[in-house]
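Here is the structure we will look at.
The values are calculated or read from the model by the stated rules, or taken from the named source; none is laboratory data. Bear in mind the structure is a predicted one, so any value in this text is a computation, not a measurement. Note: ideal-geometry Cβ built from the backbone for every residue, glycine included; neighbour counts use all protein chains shown. To get the accessible areas, we keep the full protein, side chains included, count just its heavy atoms, and leave off ligands, DNA and RNA. Shrake-Rupley method; radii C 1.70, N 1.55, O 1.52, S 1.80 Å.
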Amino acid sequence: MKKLMMAVMALAGVTVISSVMADDDDFRGRRGPDVKPVDNALYKNECASCHMAFQPGFLPARSWKMMMSGLEDHFGDNAELDEAERQAIETYLMANAADKASERRSRKFMKSIGDSTPLRITEVRYFRSKHHEVPKRIVKHEKIGSLSNCAACHTKADLGSYAERE
C-alpha cells in the first residue's frame with residue numbers, strides 16, 4: 001500500500017520523502033494476472049466508452065446480473081443497450097464473475113463479499129482494505145477523480161494486474 005500511495009502522491013505532484021516497504025501482495029512469485037483481463041470486444045466497446053471496462057472477476061455473478069437489469073439508471077446515467085447486446089454482455093460477465101474465477105485477487109474479493117450483492121467494486125471490503133491509506137485529496141486530484149479510475153494508479157489494470165509495483 002505504501003508504494004501505491006507514494007506513486008499516487010507523485011502523480012498528483014505531492015513531494016514525498018520516505019522509505020518504502022513492499023506490500024506482501026507484491027512479491028509472492030505470482031504467475032499470471034490478479035484478475036482475468038477483459039477479453040470480450042462487445043463489453044469493451046460498450047462499457048469502456050464511459051469508464052474502464054472493469055474485469056468481471058471483481059464482482060459475483062449475482063451483482064453483474066443485477067447491474068445489467070438496471071441499465072436505464074446505471075449510476076445516474078442511461079446505459080441501455082439493445083436486448084441482444086445486453087444479454088451477450090450479461091452472459092460474459094456472469095461466466096467470468098468472481099464466484100467463477102480462479103485468479104487470486106478474484107478469490108480475495110469473493111471471500112470479502114460473502115453473501116452480499118455489491119454493485120460498486122469500490123464498496124467491497126477487500127477493495128476498501130487495499131485503498132484505505134490513500135488520502136481523499138489525492139483521490140480527488142484531477143488526474144484521478146475517484147477510486148474507480150483504476151488505471152490512474154494501476155498502470156497494468158487493463159491486463160488484470162493490480163500489483164502496487166506496477
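Count of region 36-45 residues, restricted to those that are of a type outside the set (S, T, N, Q), open to solvent by 40 Å² or more (accessible area, probe 1.4 Å) and under 16 Å from residue 80 (Cβ atoms), is 1. For residue 75, the criteria (1) in contact with a Phe, Trp or Tyr (Cβ under 7 Å, 6 or more places away or on another chain); (2) of a type in the set (A, V, I, L, M, F, W, C); (3) open to solvent by 70 Å² or more (accessible area, probe 1.4 Å) hold in every case but one, which is (1).
Filter region 46-69 for residues that are open to solvent by less than 20 Å² (accessible area, probe 1.4 Å) and either more than 17 Å from residue 124 (Cβ to Cβ) or not in a helix (DSSP H, G or I) (or both) and give the result.
Narrowing region 46-69 to residues open to solvent by less than 20 Å² (accessible area, probe 1.4 Å): 53, 55-61, 63-64, 68.
Selection gives 53, 55, 59, 60, 68.
Screening residue 133 on (1) among the charged types (D, E, K, R); (2) in contact with a helix residue (DSSP H, G or I) (Cβ under 8 Å, 6 or more places away or on another chain); (3) closer than 13 Å to residue 36 by Cα shows it passes everything except condition (3). Figure legend. Inter-residue proximity from region 147-166: first residues within 18 Å of residue 120 (Cβ to Cβ) and open to solvent by 20 Å² or more (accessible area, probe 1.4 Å), second residues of a type in the set (A, V, I, L, M, F, W, C) and modelled with pLDDT of 90 or more, beta-carbon distance below 6 Å, spacing 6+ or different chains. Indicated pairs: 147/139; 151/52; 151/157; 152/144.
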